[in-house]
1. Quick one: length gained pulling HIS454 to LEU237 fully straight, 0.36 nm per residue minus the C-alpha distance?
2. Quick check: pseudo-label points 7 Å beyond the Cα along Cα→Cβ at GLN345 and ALA259, how many nm apart are they?
3. Using θ = phi - 60° and the Karplus form 6.51 cos²θ - 1.76 cosθ + 1.60, what ³J(HN,Hα) does each residue of segment 115-124 get, whole Hz, x for Gly and Pro?
4. If R₀ is 51 angstrom, what is the calculated FRET efficiency for the pair ASP161 and HIS66, using the beta carbon separation as r and rounding to 0.05?
5. Could you pull out every one of the lysines with an alpha carbon less than 28 Å from that of LYS478, ignoring same-chain neighbours closer than 8 positions?
6. When the accessible area of segment 19-137 is computed with all protein chains present and a 1.4 Å probe, what percentage of it is carbon and sulfur?
7. May I ask you to order 260-267, 441-448 by the average number of other C-beta atoms within 10 Å around their residues, highest value first?
8. Just the projected area, averaged over all directions, of the convex hull on the alpha carbon atoms of segment 79-174: how many nm²?
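The values are calculated or read from the model by the stated rules, or taken from the named source; none is laboratory data. If you're wondering where the values come from, they're calculated on a predicted model, not measured in any experiment. Cβ: placed from backbone, ideal geometry, glycine included. Neighbour counts: every protein chain shown. Keep in mind that these areas ignore ligands, DNA and RNA; they rest on the heavy atoms of the full protein, side chains included. Shrake-Rupley method; radii C 1.70, N 1.55, O 1.52, S 1.80 Å.
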Amino acid sequence: MPEQALYLKWRPLAFDDVVGQEHITRTLRNALARDRIRHAYLFSGPRGTGKTTMARLLAKAVNCTHTNVAQRPCNACPTCQAINENRFLDLLEIDAASHTGVDDVRDLRDKIAFSPGEGSHKVYIIDEVHRFSGNAFDALLKTLEEPPDHAIFVLATTEIDKVPATIKSRCLQFEFRRVSLHEVSARLAYIAANESLDIDQAALELIARQGTGSVRDSISLLDQIVTDPDERVTLELTQRLLGTADSLQVRELVAALVAEDLARGIQLINAAVDGGSAPRQFGGQILSFLRNVMLAQTASATLIEASEEERRQYDELAGQMPRSQLLRAIRAFNDAINNSAGGWQPQLELELAFIESVQQPPEPALPAPAQAAQPAQAGPTSRPLSRSEQARAAVQAPAANGGPAYERAPASDPGAAPAFSATVIHQNWTNILSQANRYDRNVGPLLHHAHVRHIEGNRLVLGVASAFFQQRIATPDKARVIEQAIFDLHGVKLRIEARVFADVRPPDPAEAAQMPAAQDPLIATARSLGGVIDDAASNR
């Protein structure tokens, strides 16, 4: 007879043996002590976190005959032993993946009325309940709402979003969470000690990390690695059997990424793959490492499940790596893992991801301001640009002298000394408006309602009469056009900031009535969104 798998051999037999789900075991134990067992439960969560195991423990506890309720399940009474040996007739496990039809549910509904034959309760465990068809769920509704007093339903699923709300509302829901790295490695160490296995702690932590929070998957990996009970299992052996790379290779690759050393990075990727590392596994290790660096950079290294030495390494790299490059690398390697499908060059996706992480893509060439304001000439595959498209192109257009694209300066702190004279900006405001109109014709009408107030550091504060004009001027496209116009005329980079002031005079209705339609800010806004002015209607 073949030897039993480790995850079955070491399946928890009592609530104390369950790892990482204390919030559920505590609630169920209190319900047992107060005799407040519900008729239907819904267990949801990732695979291998203990949903079916918890359902079997609940079935044992409600049928256990031990006199002390706190000791249930006792694993000593005939009922507990029968359940442990899979011969208890009043515990029925149903696989919803193979019993999806309404006829299966009707058969269950017809048999549920029969009283238990051995225990006090008849427990139905329906695994992967989300695989039921719509008609099967409908047939289950009434029985689930008003089952016989002796019947208890436990529904388990890994995809809670596929379970209808009508089913959820009739159950007491428990969400199982992924188990932490330390808890899984401690459970593996306990199993290894009882199995008399000689295995390094670093190897156990690697197995737990590869299990990604699933206790069952981690124990299965341990069972896969230990082929010879008398052989010492080292970290190197575990890495070779699991197809993972050395952590030093991952750190060196990220160091090459920080140094923007393309040759070194490509060499490390090929060395890892040639050494037996699976490209997808290696990419996952890189992505996990980069995520830890991101956590250290944006939040705190204390969120990372690692040793103090490793946390110091993450902190050090977080200080060396620009956030833009870090985010670009995380996205690139995440796409590489998702797109990895083998092929004759399995490491190609990782190589491309590394190159994309190091080399920032160049900005696309954009038309000059004078061209941006004009519609594109029609061609076989082109069409005239709309007002909104012209405005978006003008935001990133280079200066009138053909220079590089304008880059906005970071805003200085509030209250800083003025970086330029507000009087000069005020005296030259008309020329600034004319220059801004070369990039976007909708800016001039908006600035007609704005007044230069003062300059704080490099912030040019414009006063407006309402929040409408404040929001329109503060948009990145409009603000950048104004800032570029100021830079073209005065050679200084200022940040535009519109504020509502009570003393700013709203537009005079008489002036607004005499203003040409093309200069009205509301009409200009509508035109920027693709609207068309009906001149005949405007004259009526």
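1. 71.2 nm
2. 2.5
3. Karplus-based 3J(HN,Hα) across segment 115-124 equals 5, x, x, 10, x, 8, 10, 9, 10, 10 Hz.
4. FRET efficiency, ASP161 to HIS66: 0.85.
5. Of all the lysines, those that pass the test against LYS478 - Cα under 28 Å, at least 8 places apart if same chain - are LYS493.
6. For segment 19-137, the apolar C and S fraction of the accessible surface comes to 45 percent.
7. Packing order, densest peptide first, comes out as 441-448, 260-267.
8. 6.2
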